1. Of S181, S158, which residue is crowded, with 24+ Cβ neighbours inside 10 Å and either over 13 Å from the mean Cα position of the chain (by Cα) or modelled with pLDDT of 95 or more (or both)?
2. Being touching a residue at least 40 places away in the same chain (Cβ under 8 Å) and either more than 19 Å from the chain's Cα centre (by Cα) or open to solvent by less than 60 Å² (accessible area, probe 1.4 Å) (or both) is the filter here, so list the residues in segment 106-125 that pass it.
3. Report yes if G192 is surrounded by 18 or more Cβ atoms within 10 Å (Cβ to Cβ), farther than 15 Å from R175 by Cα and in contact with a Leu (Cβ under 6 Å, 6 or more places away or on another chain), otherwise no.
4. With the structure loaded, tell me whether A147 is under 13 Å from G90 (Cβ atoms) and either of a type outside the set (V, I, T) or within 18 Å of the chain's Cα centre (by Cα) (or both) or whether it fails that test.
5. Here are some residues: A165, A140. Which one is open to solvent by 10 Å² or more (accessible area, probe 1.4 Å), small (G, A, S), on the phi < 0 side of the Ramachandran plot and at pLDDT 90 or above?
6. Inside segment 50-105, can you point out the residues that are within 18 Å of the chain's Cα centre (by Cα), in a loop (DSSP other than H, G, I, E, B) and touching a residue at least 24 places away in the same chain (Cβ under 8 Å)?
7. Could you tell me which of the residues A221, A206, A214, A235 is exposed (fewer than 14 other Cβ atoms within 10 Å of the Cβ) and out of contact with any strand residue (DSSP E or B) (no Cβ under 7 Å at 6 or more places or on another chain)?
8. Among (1) surrounded by 21 or more Cβ atoms within 10 Å (Cβ to Cβ); (2) of a type in the set (F, W, Y); (3) over 17 Å from S126 (Cβ atoms), where does F91 come up short?
Amino acid sequence: MSRCACLSVFWGLTALAFSEEPAAVPIGEEQIRGAEFLGQLSIPNTAELFAAFGKIAKPDWTLFFRRQSPASITSRPLIALNLGTLIADGFLAAEAQDRQQVKNVSREIKLLAKSIGLEQEYMARSNSIADFADSRNWDALDEELEAVQSELTLAMGSQRDNELATLMSLGCWLRSIEIASAYLAANYTAAGAEILRQPGVGEFFAARVEALPAKVKALPAVAELQQRLPALGLALSRPAEVPASSKSIAVLHTLTTAMVQIITTEAK
């Protein structure tokens, strides 16, 4: 299955799990790279986001690896958020073509999936991820990670854990933007700034978080993320004819770093 086909499956499953249509956002295809459309909303694909920068430069993605700590999270919503950030780390490791880091991240994903009863859904994929990393089949590895997202989303929906699917997707997106903005803040180009223009996506996630059960929104980490999402959405929604400045990208990186830190700090 191609990257685009696999992504279509993932967001199609996400839409089914949420059982409601997202708000339509008037956005042109040229406004964001590496994305598929769900209605009129453009949802970024982490693998393609990183690959887009590889088309205009040669990033050293290993600079953005992070040390993983043993999973000690008991809150299912926090597990889902952290699981999403780890999936983004998996795409990062694949883009960096680092076999050992791929395996390290895969092991962490497995631990978190197990902690919410989804170990079986991940087991077969875990073996394939290791095999593709060893054989340096990076495109297949990207597709396998996308399949992980799809299957975990579907499993969460079947368990009536739709809020976990929302939070996993949010965690993956936030970590992806944090990584990309970190690179661009240190290596600014107008072309890179255009890659990070994602109008409507912040509003999409803000609406999804608002629709979460009250007990989930009351969690400190979720409440903090909800409060910060509007500013992040605004930072990503500049008009096409006005590229974000290097200062704006630095602000974007600060925003996303703080949000990812909220996720990981609350987990400890």
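The values are calculated or read from the model by the stated rules, or taken from the named source; none is laboratory data. Predicted, not measured: the structure shown is a model, and the values here were computed from it. Here Cβ is always computed from backbone atoms with ideal geometry, including for glycine, and neighbour counts include all displayed protein chains. With ligands, DNA and RNA removed, areas are computed over all heavy atoms of the protein, side chains included. Shrake-Rupley method; radii C 1.70, N 1.55, O 1.52, S 1.80 Å.
1. Result: S181 is the single residue among S181, S158 that is crowded, with 24+ Cβ neighbours inside 10 Å and either over 13 Å from the mean Cα position of the chain (by Cα) or modelled with pLDDT of 95 or more (or both).
2. Scanning segment 106-125 gives E108, L112, S115, I116, G117.
3. Yes.
4. For A147, the condition - under 13 Å from G90 (Cβ atoms) and either of a type outside the set (V, I, T) or within 18 Å of the chain's Cα centre (by Cα) (or both) - is met.
5. Numbers: A165 fails: open to solvent by 10 Å² or more (accessible area, probe 1.4 Å).
Only one candidate qualifies: A140.
6. F65, Q68
7. Values: A221 fails: exposed (fewer than 14 other Cβ atoms within 10 Å of the Cβ); A206 fails: exposed (fewer than 14 other Cβ atoms within 10 Å of the Cβ); A235 fails: exposed (fewer than 14 other Cβ atoms within 10 Å of the Cβ).
Of A221, A206, A214, A235, the one residue that is exposed (fewer than 14 other Cβ atoms within 10 Å of the Cβ) and out of contact with any strand residue (DSSP E or B) (no Cβ under 7 Å at 6 or more places or on another chain) is A214.
8. (3)
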